[in-house]
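Engineer: Sharing a structure here in C-alpha cells format.
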Number of protein chains: 2
Amino acid sequence: MSSLSPTASRCGGPSCAVPDVDLYDAVRRRRDTRAEFTGSPVSDDVLERVLAAAHSAPSVGMSQPWDFVLVRDAGLREEFRDHVAAEREIFASSLAGERADTFARIKVEGIMESGLGVVVGYDPSRGGPAVLGRHAIADAGLYSVCLAIQNLWLAATAEGLGVGWVSFYREEFLRDLVGFPAHVRPVAWLCVGAVAELPDVPDLERFGWRHRSPLASVVHQDRYLPR
Amino acid sequence: MSSLSPTASRCGGPSCAVPDVDLYDAVRRRRDTRAEFTGSPVSDDVLERVLAAAHSAPSVGMSQPWDFVLVRDAGLREEFRDHVAAEREIFASSLAGERADTFARIKVEGIMESGLGVVVGYDPSRGGPAVLGRHAIADAGLYSVCLAIQNLWLAATAEGLGVGWVSFYREEFLRDLVGFPAHVRPVAWLCVGAVAELPDVPDLERFGWRHRSPLASVVHQDRYLPR
C-alpha cells in the first residue's frame, strides 16, 4: 500500500517489528479505550498490519463489504466530538439517581486524544449481485463488517495500541461527515492510537456501571428452552 | 464451568495444553470450514477456552448480549441440515450460467460432519434497561454479538479447530429449533469441530466464486467522497 498516511514517515525502528502476541493474550488484554490515549502517532507499517488483519476477516460470500476511512483531520474530529457530546447529554438525561451519578464519571470517547478515527462502513453492493449466503439473512453482510472490526481490535491490541468504539452518534450525521454515499452504512467510529496502558479491568466495571457475567450463564445444551 | 458437555470426558492429555499461537497467525490461518471436519470430539477444556474467548469480547455498555447453544443432538442437527439444503436450492435457483455451475461445486455446510453446532443468539434485554452506548444505534448490541463470534473463531483456529458459519437458513426456523424466546434473535449457526486441515486458500476463492480484494481498495483518507 502506497500511502496509508499522507504525513507519517515509514518506520524502520524496533517499535515497528511485527509483534508476537499470543491470541489468548490479545483477547485478554483488549480494552475499550477512552482515557489512555497519548496522541503519539501510529506508524504506517503498524496501521497497515492492523487494517490488513481487518481486511482478512471472514465475510459472507467473500463479499468483503467493509470500508475504512482514516480520519486524521482535526476539524472533522472536532465536529464529531461535539456531536457525540450532545448525544451523551441525551443519554444522560434519560438516567436518574445512581445510574445518572455513575454515568457522569464515565468518559465515553477519546476522539481528539487518540489522533485517529477509523470510520468503518458497510457497503451491501460489494460482491453482488448474488452474494452467496445472504439471500435468507439480509444482515449477514453487516455481521461480516463486525468480524473485521474485531480482527482490527485484536491486532491493534497486539501492536500495543488502544481502540475505543464510540457509539454516541446518529448514523446520518456520521454518513454526511465522512462522505459515505447513501448506500454505505456507517457501522463504527473507532478511536485508534498509542496508549499509556491498557487497564486490567474494563472502564465500565471500574466505574461501577456493570460487572462481567460468568460464562456458564450464557451457555446452553442443545436448546435454550426445552421443547 | 461444571458441564459444557454432558458426555465428553475432561481432557488431561497434551492435546489439551493451552496453545501459544500468534495473533497474526490465527488471523491468517482462520478459514470458513465446510469439507475438512473429521468428527473427532472436542474436549471440554478446549471448548471452554474457545467460549470464554467469545464471552470476553467487547460489548456495548458491557451488556454481553450473547447466548451460545451447543447443539450436539443428531436429530436437531439433521433437521437443520435439511432446512439448509432447501435454502441452498432456493439460492441455486436464482443463479444462471457460470454462477450456477460454480455454485454447484461449493459445499455450504458441515452440520453433521462437525459434530457440534454453536448457535449464537442476541438478547437485547441484557444489560438494560439503559444500555450505555445503544440509545442512538439500536443495532449496537447485534454488533457486539458478532465481535464475540470473531473471538470464538480465532480461538478455535488457535486450538486447531475449524469453524464454518452457515447462513442458509431462515431466522424463524432456527429460533424455533433451538427454543430461543421471541425476543432472542438467532445470529449464527457455527459448525465447530476438529479438522483434517485448514486450507491456505478460502473455499470460495479455490472454487472460483470470488477473489480477495486488495487492502488499498477499501481504505480512504479523511473522507470517502470529497465535500
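Engineer: Anything in segment A:66-93 that is under 21 Å from residue A:178 (Cβ atoms) and within 9 Å of chain B (Cβ to nearest Cβ)? List them, or say none.
Structural biologist: Hits for segment A:66-93 are A:66, A:67, A:68, A:69, A:70, A:71, A:72, A:73, A:76, A:87.
Engineer: Would you confirm, using the coordinates I've provided, whether residue A:100 is surrounded by fewer than 21 Cβ atoms within 10 Å (Cβ to Cβ), within 9 Å of another protein chain (Cβ to nearest Cβ) and either among the hydrophobic types (A, V, I, L, M, F, W, C) or in a helix (DSSP H, G or I) (or both)?
Structural biologist: So residue A:100 does not fit the description; no.
Engineer: Which numbered condition in (1) of a type in the set (Ser, Thr, Tyr); (2) more than 27 Å from residue A:142 (Cα to Cα); (3) surrounded by 15 or more Cβ atoms within 10 Å (Cβ to Cβ) is the only one that residue A:63 fails?
Structural biologist: That leaves (2) as the condition not met.
Engineer: Please state which of the following conditions residue B:162 fails to meet, knowing it meets all the rest: (1) small (Gly, Ala, Ser); (2) crowded, with 17+ Cβ neighbours inside 10 Å; (3) closer than 30 Å to residue A:44 by Cβ.
Structural biologist: Residue B:162 satisfies every listed condition except (3).
Yes/no matrix, rows are residues, columns are (1) surrounded by fewer than 21 Cβ atoms within 10 Å (Cβ to Cβ); (2) within 9 Å of chain B (Cβ to nearest Cβ); (3) in contact (Cβ under 8 Å) with a residue 24 or more places away in the chain:
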position	(1), (2), (3)
A:185	yes, no, yes
A:195	no, no, yes
A:198	yes, no, yes
A:202	yes, yes, yes
A:208	yes, no, yes
A:212	yes, yes, no
A:220	yes, yes, no
A:223	yes, yes, no
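Engineer: I need the helices (runs of 4 or more DSSP H) fully contained in segment A:111-227, keeping only those with at least 1 residues that are closer than 22 Å to residue A:71 by Cβ and out of contact with any Leu (no Cβ under 9 Å at 6 or more places or on another chain).
Structural biologist: A:111-114, A:140-158, A:171-178
Engineer: So which residues in segment B:1-44 are at pLDDT 95 or above, over 15 Å from residue B:153 (Cβ atoms) and among the small types (Gly, Ala, Ser)?
Structural biologist: B:35, B:39, B:40, B:43
Engineer: So, one more: Could you run through segment A:178-206 and say how many residues are among the β-branched types (Val, Ile, Thr), more than 24 Å from residue B:136 (Cβ to Cβ) and touching an Asp or Glu at 6+ places or on another chain (Cβ under 8 Å)?
Structural biologist: 1
Engineer: Residues being facing chain A (nearest Cβ under 7 Å) and closer than 30 Å to residue B:105 by Cβ: count how many of those fall in segment B:31-65.
Structural biologist: So the count comes out to 1.
Engineer: Same structure, new question: Could you tell me which of the residues B:124, B:129 is in contact with a His (Cβ under 7 Å, 6 or more places away or on another chain) and more than 9 Å from chain A (Cβ to nearest Cβ)?
Structural biologist: B:124
Engineer: Also, I was wondering about something else. Output the qualifying pairs, or none if there are none: Cβ atoms under 8 angstrom, residues six or more apart or on different chains, first residue in segment A:94-118 and free of Cβ contacts under 8 Å to residues at least 12 places away in the same chain, second residue in a loop (DSSP other than H, G, I, E, B) and hydrophobic (A, V, I, L, M, F, W, C).
Structural biologist: A:94/B:130; A:95/B:130; A:99/B:130
Engineer: Please give the number of the condition residue A:111 fails out of (1) in contact with a Lys or Arg (Cβ under 7 Å, 6 or more places away or on another chain); (2) surrounded by fewer than 23 Cβ atoms within 10 Å (Cβ to Cβ).
Structural biologist: Only one criterion in (1) in contact with a Lys or Arg (Cβ under 7 Å, 6 or more places away or on another chain); (2) surrounded by fewer than 23 Cβ atoms within 10 Å (Cβ to Cβ) is unmet by residue A:111, namely (2).
Engineer: Mind counting the residues in segment A:138-156 that are surrounded by fewer than 24 Cβ atoms within 10 Å (Cβ to Cβ), touching a residue at least 12 places away in the same chain (Cβ under 8 Å) and over 16 Å from residue B:149 (Cα atoms)?
Structural biologist: Looking only at that region, the number is 0.
Engineer: Check segment A:157-165 and report whether any residue there is without any contact (Cβ under 8 Å) to a residue 24 or more places away in the chain and more than 7 Å from chain B (Cβ to nearest Cβ).
Structural biologist: No, every residue in segment A:157-165 fails to be without any contact (Cβ under 8 Å) to a residue 24 or more places away in the chain and more than 7 Å from chain B (Cβ to nearest Cβ).
The values are calculated or read from the model by the stated rules, or taken from the named source; none is laboratory data. What you are looking at is a predicted structure, and each value in this text was computed from that prediction instead of being measured. Virtual Cβ from ideal backbone geometry, glycine too; neighbours counted across all protein chains shown.
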